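Reading through the structure tokens given below for one structure.
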6 protein chains.
Amino acid sequence: MNKFGRVPKRQETGEMMMNVLAVGCHPDDLEIGCGGTLAKLSALGHRVTMVHVANGDKGHAVIKPEPLRQMRAVEAQEAGALIGANVISLDIPDLSVKSDNDELIRKLVGVIRQTRPDYIITHPPEDYMKDHMEVSKAVFDASFSATVPHFEAEGNAPHCDKPMPIYYMDTLAGVAFLPTEYVDITDYIETKIQMNNSHQSQIKWLRDHDGIDFLDFVRTVSKFRGLQCGKPYAEGFRQCTAWPRLTTERLLP
Amino acid sequence: MNKFGRVPKRQETGEMMMNVLAVGCHPDDLEIGCGGTLAKLSALGHRVTMVHVANGDKGHAVIKPEPLRQMRAVEAQEAGALIGANVISLDIPDLSVKSDNDELIRKLVGVIRQTRPDYIITHPPEDYMKDHMEVSKAVFDASFSATVPHFEAEGNAPHCDKPMPIYYMDTLAGVAFLPTEYVDITDYIETKIQMNNSHQSQIKWLRDHDGIDFLDFVRTVSKFRGLQCGKPYAEGFRQCTAWPRLTTERLLP
Amino acid sequence: MNKFGRVPKRQETGEMMMNVLAVGCHPDDLEIGCGGTLAKLSALGHRVTMVHVANGDKGHAVIKPEPLRQMRAVEAQEAGALIGANVISLDIPDLSVKSDNDELIRKLVGVIRQTRPDYIITHPPEDYMKDHMEVSKAVFDASFSATVPHFEAEGNAPHCDKPMPIYYMDTLAGVAFLPTEYVDITDYIETKIQMNNSHQSQIKWLRDHDGIDFLDFVRTVSKFRGLQCGKPYAEGFRQCTAWPRLTTERLLP
Amino acid sequence: MNKFGRVPKRQETGEMMMNVLAVGCHPDDLEIGCGGTLAKLSALGHRVTMVHVANGDKGHAVIKPEPLRQMRAVEAQEAGALIGANVISLDIPDLSVKSDNDELIRKLVGVIRQTRPDYIITHPPEDYMKDHMEVSKAVFDASFSATVPHFEAEGNAPHCDKPMPIYYMDTLAGVAFLPTEYVDITDYIETKIQMNNSHQSQIKWLRDHDGIDFLDFVRTVSKFRGLQCGKPYAEGFRQCTAWPRLTTERLLP
Amino acid sequence: MNKFGRVPKRQETGEMMMNVLAVGCHPDDLEIGCGGTLAKLSALGHRVTMVHVANGDKGHAVIKPEPLRQMRAVEAQEAGALIGANVISLDIPDLSVKSDNDELIRKLVGVIRQTRPDYIITHPPEDYMKDHMEVSKAVFDASFSATVPHFEAEGNAPHCDKPMPIYYMDTLAGVAFLPTEYVDITDYIETKIQMNNSHQSQIKWLRDHDGIDFLDFVRTVSKFRGLQCGKPYAEGFRQCTAWPRLTTERLLP
Amino acid sequence: MNKFGRVPKRQETGEMMMNVLAVGCHPDDLEIGCGGTLAKLSALGHRVTMVHVANGDKGHAVIKPEPLRQMRAVEAQEAGALIGANVISLDIPDLSVKSDNDELIRKLVGVIRQTRPDYIITHPPEDYMKDHMEVSKAVFDASFSATVPHFEAEGNAPHCDKPMPIYYMDTLAGVAFLPTEYVDITDYIETKIQMNNSHQSQIKWLRDHDGIDFLDFVRTVSKFRGLQCGKPYAEGFRQCTAWPRLTTERLLP
């Protein structure tokens, strides 16, 4: 057994509670990319807020956008409830996420000012589809604007002190992504799978129609990232390298 | 004030003592690249071993190699003594460090098996002169060989369990180096300067002969790395990304 | 002393005057990133134009946007006056710079056609906040459009001959930036500091409120870049690698 | 002679016909970047569709936009006719291509759904001017949206099954581009030259006015790429690395 | 089902037999990194030669080097026999592989000249331990030297015509490796597992002593690489980009 | 015409003569990679020394090593004589260049101390064959050792003041090389071709036996690099980024 495990990590001591804001694109993206980390954070006593920017209304071939939008909102709440996370939808229709959109930034800034995160987890700037990439850029922008007193956003929460660290989670299937930090999610892999399983509109469709076992997909990526860092299951991250977001301590659990 | 500072970091709790092995090329390289981090580790109760591979015998234009070798050995001991570190010289003549050399590897493996480090700090594989680069490669090699039971090394310490994480410290003047982890050395900058000042054969020569204030050089780099991560003084590092050395927790102080 | 300094550099011969256009985001960004280089260019007889795209109206927690906008316009003029540079504001409100905005491009093209720069200095495409990044992209776009005869821009200056070289200046605190060219600004560091000091609304606020000595920040980065290239003070740049902007001679002073 | 040439390649067997969609920015960009590859594909029996997003209306100093637009449309048709390709113009005015524009995406999705490409060739995300870069991003976006059933596009072709592989062709003059795949176009270099020669409004202008022999430019780049892979003439490509576009077989001819 | 599968690939036509030389470091490295690809090549009628440079004599904590060396030679033969591959050991003791060693190069050149490979598969230049990295460098060197008529090597096979393409297989656990080509090994995954299972001295030890299921490790990496390219199981590769080894057709199966 | 050409460049003023040391691997490598630049330097009045480390004795299929070695020494002298360069052979047999070899370093240091170069041109650390790569590493090492007073080398020239800047020339066929500086060699392309033509043992063999027109190869690469920077012919370089070799002025002609 690894002796590095002998003392509780900073986040495990219970001495400090952090607010962690995770912003994904579609209602299931956070569950895929960092569900285990969020579950762990929550179990350690931190306050987790999960935001999905797009409402996922076009994520099905048969179910129409409006009913799908409603189904997915419920699914997202169920997934978040499994770890006691607060779940917020920015309700942007699929394929319409634009980081240049002022309204989106004002919404995001509102959420950031309300949740006052110690750090943010989101998509990396390069991922497999535009909406994901736009979310990443919008979060980068909003997390700065949130600190500007005279920037007017949704809600009336006061501005934040300074831009917070951002961690980029894995891309879909880990394509073109080299993590620099890993989180051991061994004790939370089943929770992660359950969280993903909450998204039945997606899981069922892929299984029945395409013969794809998406939960196995998710488990495999977590297992692979675990192999890389010597744990049964893990998730990989890369920190946003932009001033003044760099840190001298580890914030991931 | 940054709220992230409210609780002691893992290494500050005193619950866990680590062995940290720092391997530099010349007698003053560790002081330049990670002196503040070593001072901090030591202050936090960890056991620090400082190895210089080359004896520094050609680091002067006037003083001859053999007397210089002896002077620098003393200077290195003085620098280490300032933080209570154990200082070891592998006594390779300057400009003769070769990572392909079996004898060097056996010496390094001997030190690693003896000190049983939780992690190692050394030069990055690319730096401003060959001896530095060779040290980096030799450490990478030896830290693996140290775990192989049937590899025979100097001394009779038993083999280590598994290859330990390696952190690459900054290059000289930070050229072509992008840190991914920073260590706040604000409380240790003066100690770092003192450690560097122990190397009078170098400091004095540069000042008298070339008009270079090397202590100011060292301070400036630490201040710059501090600016990058929001601290008065810091040191930058990059982790060696090779299996099975990746970790799921921060080991740097 | 370095023998490379024995003959005057091209720009020092006085035989050739160049137009240099520097485009920063906020009123103080050029002073931070390339103030020494601009001072040097001006001292060597070149014509320097400093453009700030955003008016800096949200750069203070207490002073309201409109009065701040006016204060900063004055400060920018003062800074430019120190080196005899022409200072132009594009007057975009902070947090509203968008490279996709036609009006911004037309303004920038107007400035480029008017100033007819031999080369342009601006932010790199990746920096610490979105407005900076958008300025970089807008300048890249506008400097091409400025050469297209049938592109209609502000003003009535004729189109330029061909896209001019672009140099990207350092990021804030040098994060994630590896310069490929350095400018020795040793003789101009005090002017650079003075130029930065002109931005009292920023300097004073940071000092009184946050205890940050921004002038020291600026000096430290210049000193660090100097260490890297063997000069007391320097600034680092990277050339935009896009056809037909590559050159066979050095244009930086 | 290279023994690897002994058997016909997959695409040469005639057993399988593919639809290849090439999307360039201006009317001559595909001819410059992948004309030889398109000629080869066509000669091998594949169906080639050439799209130019911008109408090229500002590509001349003397001819006015509207007449130039008409001339270039004809030239593009002529170039495509040389290889039996279907040529489509999206008719966006020069310097107005924006990947954020919904109308452009709907047009592109319409074309993709209509042509049902086995793969797409387009500009890389970084090139020498913004319109090129925007085309690359728009194609990336549209090729995903084309597979989303409830995304409404131009025309009434049904949605595609899954995002198709994308190959990025060379930048102009090969600047900052490292190919990972090469296509031998030795037998098609003269066709490529002819295709480029169809764009007389460009060729003639450059020759008469600037003394530039653009056909020689094109030939030189193809010859250089040929030297790199051991063929008289070749074109270089890089695959878009994004899930689920990666393949286990070569699709380029 | 993917329509790209409708026609047999070049290597599946049976019209052309290739010689493929795979050079790994230890007796099980090829099985881990490209066992499925080698099994596929063999099944398609190509001639596969598997070389292990090191004899694996130090790969066990209990079994002594000499008996282990003999056991592993047998295990390697068994693994190769499963796919009808010729297995060659260069018999270098573990932790003694040096690409600078003339004798090693002469041995490798001898094997290359004897097997006359159409292409070579080996470790990438950066991997998790020095012996692997040295093998990669030695193969790069030897595959050039093999083409030099007056270079004297082991054996008396004549020199080869030209340096052959080299494909770098995955690193251990895929750390820091971004594949540019994938091979679908779905039909060969069980063979790959069996090949790995032949190395009982390694598998058993890891299972009994460390509780590590190495076959599951291997399967997981193959499954992950499969997820990335849309197949149940795959292996990832990157081509060596050095003249004159670049190709205009795919050589991997 | 480009207005940047109106004043003479630094090196063209005749006010300053520099010593330039070019170190290639085989007798024709400098001619291929930087022949035009060396010709230009020489024409501008600088002192050029051309060193080939390997004697080229295995560069032919028919001519035996010893006679070839002699022929190539003559050819190298002829090529150098065309531009008035001093030509030195270190006379290492082909395929035997090792940067770890003390004798080689001592020879190189001897040459460096003798020629006292203002800067050095050599191969980049990654190229198409090992000997080239070893030369690059050896030059990097030797150019540092040359400045160490107590390092004993061949000859009795005194040590140099400080490590000089190093420029890496293009790889063969420009594979995997992205230049950051270009030299306009338009006026020297025919001299470059002549220099290459001096190496008749290579040119003739390639033409008669393999049907390769190597002079055309060389011309094409120069033409391509010219296209990239807007000149008829050019050569590309990248500076070695290692302290204290970075400069604040352009040294290439």
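The values are calculated or read from the model by the stated rules, or taken from the named source; none is laboratory data. Remember, it's a predicted structure, so these values are computed and weren't measured experimentally. Here the Cβ is made from the backbone with ideal geometry for all residues, glycine too, and neighbour counts use every protein chain on show. Side chains included, ligands, DNA and RNA excluded: accessible areas come from the protein's heavy atoms. Shrake-Rupley method; radii C 1.70, N 1.55, O 1.52, S 1.80 Å.
How long are the semi-axes of the ellipsoid equivalent to region B:145-253, from square roots of 5 times the Cα gyration tensor eigenvalues, in whole Å, largest first?
On the way: eigenvalues 208, 86, 30 Å².
Calculated on Cα positions only, the semi-axes equal 32, 21, 12 Å.
Using only Cα positions of region C:109-197, each an equal point scatterer, no hydration layer, compute I(q)/I(0) via Debye at q = 0.19 Å⁻¹ and quote the log10 values to two decimals.
Each listed q maps to, in turn, -0.97.
What does the charge add up to near A:GLU154, with Lys and Arg as +1, Asp and Glu as -1, over the other residues with Cβ less than 10 Å from its Cβ? Kindly include the intermediate steps, with their values, before the conclusion.
Working: positive: A:ARG106, A:LYS107, A:ARG113; negative: A:GLU103, A:GLU152.
Counting the neighbours of A:GLU154, the net charge comes to +1.
Quick one, what does Rg over Rh come out to for region C:41-170 if you take C-alpha atoms and the Kirkwood Rh?
Details: Rg = 14.8 Å, Rh = 15.4 Å.
Using only Cα positions, Rg/Rh for region C:41-170 is 0.96.
Suppose a student asked you for the relative contact order of region A:109-252, using Cα pairs under 8 Å spaced at least 6 residues apart; what percent would you report?
Numbers: 196 pairs, mean separation 38.4, N = 144.
With pairs under 8 Å counted, the relative contact order is 27 percent.
Sorted by average packing, counted as other Cβ atoms within 10 angstrom per residue and highest first, what order do D:139-150, C:78-89 take?
On the way: D:139-150: 23.4, C:78-89: 19.0.
Packing order, densest peptide first, comes out as D:139-150, C:78-89.
Among the aspartates and glutamates, select those whose C-alpha is under 18 Å from the C-alpha of A:LYS192, and discard any that sit fewer than 8 residues away in the same chain.
A:ASP28, A:ASP29, A:GLU31, A:GLU75, A:GLU78, A:ASP170, A:ASP184, A:ASP213, A:ASP216, A:GLU235
Relative contact order for chain E: what is it in percent, counting Cα pairs under 8 Å that are at least 6 residues apart?
Numbers: 479 pairs, mean separation 56.8, N = 253.
The value is 22 percent.
Using a Förster radius of 30 Å, what is the FRET efficiency between D:ASP161 and D:ASP213 based on their Cβ-Cβ separation? Nearest 0.05, please.
0.10
Provide an ascending nm list, one decimal, of label-point separations from C:GLY211 to the equivalent residue in each further copy; define each label point as 7 Å from Cα along Cα→Cβ.
3.8, 4.8, 6.6, 6.6, 7.8
Taking a point 7 Å out from Cα toward Cβ as the label site, list the nm distances between B:ASP102 and the same residue in every other copy, smallest first.
Ordered by distance, the counterparts are at 1.8, 1.8, 7.4, 7.4, 7.6 nm.
Would any residue of region C:135-150 have its amide N under 20 Å from a label point 7 Å out along Cα→Cβ of C:ASN19? List them or say none.
C:138-150
Taking +1 at the Cβ of each Lys and Arg and -1 at the Cβ of each Asp and Glu, which of D:PRO165, D:ASN101, D:THR122 sits farthest along the dipole of region D:19-239 towards its positive end, judged by Cα position relative to the Cα centre?
D:PRO165
Within the set A:LYS130/D:LYS223; B:LYS98/E:LYS162; B:LYS107/E:LYS58; B:LYS130/C:LYS231, which residue pairs have Cα atoms separated by over 27 Å?
On the way: A:LYS130/D:LYS223 36 Å; B:LYS98/E:LYS162 32 Å; B:LYS107/E:LYS58 19 Å; B:LYS130/C:LYS231 24 Å.
Beyond 27 Å between Cα atoms: A:LYS130/D:LYS223; B:LYS98/E:LYS162.
Which chain E residue comes nearest the axis with its C-beta when you rotate E onto B, and by how many angstrom?
Closest Cβ on chain E to the axis mapping it onto B, in Å: E:ASP100, 3.
What total accessible surface area, summed over both chains, is buried at the interface between chains D and E, computed with a 1.4 Å probe and given in Å² to the nearest 100? Intermediate values should be presented prior to the final figure.
Details: alone 12140 and 12130 Å², together 21550 Å².
For chain D against chain E, roughly 2700 Å² becomes buried.
What do you get for Rg/Rh over the protein assembly as shown if you use C-alpha atoms and the Kirkwood form of Rh? Before the final figure, lay out each step's value.
Working: Rg = 31.5 Å, Rh = 33.8 Å.
Ratio of gyration radius to Kirkwood radius for the protein assembly as shown: 0.93.
Which value, in Å³ per residue, describes the convex hull spanned by the Cα atoms of region B:118-167? All intermediate terms of the calculation are to be shown ahead of the outcome.
Details: hull volume 3.9 nm³, N = 50.
It comes to 77 Å³ per residue, whole-number rounded.
P(r) for region B:37-100, please, calculated from all Cα pair distances in 10 Å bins and given in %.
Reading upward from the zero bin: 22, 43, 28, 8, 0.
Taking a point 7 Å out from Cα toward Cβ as the label site, list the nm distances between A:PRO232 and the same residue in every other copy, smallest first.
The answer, with the shortest distance listed first, is 2.6, 4.7, 6.4, 6.4, 7.2 nm.
Based solely on C-alpha atoms, express the radius of gyration and the Dmax of region C:19-239 in angstrom.
Radius of gyration, then largest Cα-Cα span, for region C:19-239: 16.4, 52 Å.
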